[in-house]
Amino acid sequence: MGVVLKQSIQNTVVTYLGFFFGAINTLFLYTKILPDKYYGLVTFILASGAILMPLMAFGVHNTMIKFYSNHQETEKDGFFTLMLLVPLLGVVPVALVGLIWYDPIGDWVSQVNPMVKDYLWYVFFVGLAMGYFEVFYSWTKVHLKSVFGNFMKEVFARVGVSLLLVLFYFDVISLDMFFKCLVGLYLLRTLIIKMYAFSLRMPKFSFKFPNYTKEILSYSFLIILGGSASLVLLEIDKVMLNQFISIENVAYYGVSVYIATVIIVPSRAMHQITYPLTAELLNTKNEAGLDTLYKKTSLTLFIASGILFVLIILNLNDLYLMLPENYRNGFTIVFLIGLAKVMDSLLGNINSILYNSKYYKTVLVFGVCLAALTILLNFLLIPKLGMEGAAWASFVSIFIFNLVKLVFVKLKFGILPFTSATFKVFSTLVLLIVLFDFVQFQFHPLINIGLKSILVSVMYLGILYRFNISEDVSGILSKWLKKIPRSE
């Protein structure tokens, strides 16, 4: 088994494991252990730190991967030294702004929720930890050792949070210590990945920087814009809610968003495999192969994300029965964010096509414009609609962004991801919702979810197999069915 394929499979397992622990924390431990307003504060700190991350890393995590292979062995120490120093171009100004204007910024951010002002430095240190984590994680990627870094990113922090919540529950640590330990957890994660990265290749610090340092810095700046735009689309709603409504609503909103985010797990797993394949097809100008991969990834991800969306919507009432009452009013949020995630999946490997093509600068401009639109829509809709306004803002922004990307790829490459099978899958998903929407069992919610999920999944796979809607899915099901022993 090749290194890339082997690590892709391992990373897929790690990603699912991370989402499992994330679900335990988000749906049960946080909601049952932490007071609502402090859970909202945690959500605000982590979302704000994530938005700061591209600036704190200064785009180095992408720059390193792009330029590392261009250097001879004797040049790599100087290159890596540069990569460690470049993030300071983001870190130092942010730190100075925080030191000089802490009170004005704090007063502005805490107009509705005064408690937020005391935790602004937590946002800075979380963003700093996230930024340098990505730098060292990229160092492991260029040495083709990504699994441990993925484990640290997806699993370590979530398991650590679980332990902190348990310690707080049993009064081993105070609430204030919980927040300090939460920040410390992200700093520790960065320290561990640094030690691992240096174990793969211990750099010797050299100030003999590459001849094209200006090009490297220019690329890094563009990546900051692109990364910031992407994270604004994902996280700004949680941050802006704090400006208009009480902070416990940030917790309620965050839980609903997490439920919907489960839909993108197959997409995250597949993109680790399709990204290098797409780059190769573009580099070799294999237009037919690119068209085929575009359509196959779109169909496969639509099949996977579509059924996850249907299962979530059909089981949401039972799931809410297992959560505290304050967290049960997010159906519209789950529906809108979930639908947006399905649209992301429906476009297959479109991001790989765009970011590996010569048009990546244009796409970054699109992203920045859409990030600005997202902020504007949140500013207009949250005061009027509250949490649902934030969901509508995200849905409309993502829909427009995806539509722009879809049209752009059609114009520049002449390909679309849709086939007749796409519409067959869509019809099947609608049929399942209509058939099972009124099916209600009278058992424990967990049993109800299990029964309905099994029935829906069996019918879904049966239809896919019977009408051979997807060759890949039918092929996997055929192999699985052949392994089932048949009685004589």
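Does segment 163-170 include one or more residues that are farther than 30 Å from Leu82 by Cβ and outside any helix (DSSP H, G or I)? Yes, segment 163-170 contains at least one residue that is farther than 30 Å from Leu82 by Cβ and outside any helix (DSSP H, G or I). Taken over segment 344-369, the residue count meeting the criterion of being within 26 Å of Val262 (Cα to Cα), surrounded by fewer than 18 Cβ atoms within 10 Å (Cβ to Cβ) and among the aliphatic types (A, V, I, L, M) is 1. Among the conditions (1) farther than 21 Å from Val342 by Cα; (2) of a type outside the set (Lys, Arg); (3) within 27 Å of the chain's Cα centre (by Cα), Phe401 misses just one, which is (1). Those helices (runs of 4 or more DSSP H) of segment 94-153 in which at least 2 residues are under 16 Å from Ile45 (Cα atoms), considering only elements entirely within it, cover 102-109, 120-142.
So is Lys153 under 17 Å from the mean Cα position of the chain (by Cα) and not hydroxyl-bearing (Ser, Thr, Tyr) or not? Considered against the rule, which asks whether it is under 17 Å from the mean Cα position of the chain (by Cα) and not hydroxyl-bearing (Ser, Thr, Tyr), Lys153 comes out as yes. Scanning segment 45-66 for residues that are closer than 15 Å to Tyr355 by Cβ and either of a type in the set (Val, Ile, Thr) or over 15 Å from the mean Cα position of the chain (by Cα) (or both) gives Gly59, His61, Asn62, Thr63, Ile65, Lys66. If we scan segment 222-239, do we find a residue that is open to solvent by 60 Å² or more (accessible area, probe 1.4 Å), farther than 30 Å from Leu385 by Cβ and within 26 Å of the chain's Cα centre (by Cα)? Looking for residues that are open to solvent by 60 Å² or more (accessible area, probe 1.4 Å), farther than 30 Å from Leu385 by Cβ and within 26 Å of the chain's Cα centre (by Cα), one finds none in segment 222-239, hence no. Residue count for segment 174-186 under the criterion of being among the hydrophobic types (A, V, I, L, M, F, W, C) and either surrounded by fewer than 16 Cβ atoms within 10 Å (Cβ to Cβ) or assigned to a loop (DSSP other than H, G, I, E, B) (or both): the result is 2.
Among the residues of segment 397-456, which ones are within 30 Å of Thr374 (Cα to Cα), aromatic (Phe, Trp, Tyr) and free of Cβ contacts under 8 Å to residues at least 12 places away in the same chain? Passing the criteria: only Phe423.
Can you tell me which residue within segment 190-211, out of those that are assigned to a loop (DSSP other than H, G, I, E, B) and open to solvent by less than 70 Å² (accessible area, probe 1.4 Å), is modelled with the highest pLDDT? Restricting to residues being assigned to a loop (DSSP other than H, G, I, E, B) and open to solvent by less than 70 Å² (accessible area, probe 1.4 Å), the top hit is Arg201.
Scanning segment 404-421 for residues that are in a helix (DSSP H, G or I) and closer than 12 Å to Met343 by Cβ turns up Lys405, Leu406. Assessment of segment 62-78 against the conditions (more than 19 Å from His143 (Cβ to Cβ), open to solvent by 10 Å² or more (accessible area, probe 1.4 Å) and of a type outside the set (S, T, N, Q)) yields no matching residue. Across segment 287-312, the number of residues qualifying as open to solvent by 40 Å² or more (accessible area, probe 1.4 Å) and either in contact with a Phe, Trp or Tyr (Cβ under 7 Å, 6 or more places away or on another chain) or without any contact (Cβ under 8 Å) to a residue 24 or more places away in the chain (or both) comes to 2.
With respect to the conditions (1) modelled with pLDDT under 80; (2) open to solvent by 20 Å² or more (accessible area, probe 1.4 Å); (3) of a type outside the set (D, E, K, R); (4) over 17 Å from the mean Cα position of the chain (by Cα), Ile33 falls short on a single one, namely (1).
Results for (1) assigned to a helix (DSSP H, G or I); (2) of a type outside the set (A, V, I, L, M); (3) open to solvent by less than 60 Å² (accessible area, probe 1.4 Å), shown as yes or no for each residue.
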residue	(1), (2), (3)
Ala371	yes, no, yes
Thr374	yes, yes, yes
Ile433	yes, no, yes
Gln442	no, yes, no
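Of all the listed residues (Thr284, Thr332), the sole one being among the hydroxyl-bearing types (Ser, Thr, Tyr), surrounded by fewer than 22 Cβ atoms within 10 Å (Cβ to Cβ) and free of Cβ contacts under 8 Å to residues at least 12 places away in the same chain is Thr284.
The values are calculated or read from the model by the stated rules, or taken from the named source; none is laboratory data. Because the structure is predicted, anything quoted here is derived from the model rather than measured. As a convention, Cβ positions derive from the backbone with ideal geometry for all residues, glycine included, and neighbour counts pool all protein chains shown. Areas reflect the complete protein model, heavy atoms only, side chains present, ligands, DNA and RNA absent. Shrake-Rupley method; radii C 1.70, N 1.55, O 1.52, S 1.80 Å.
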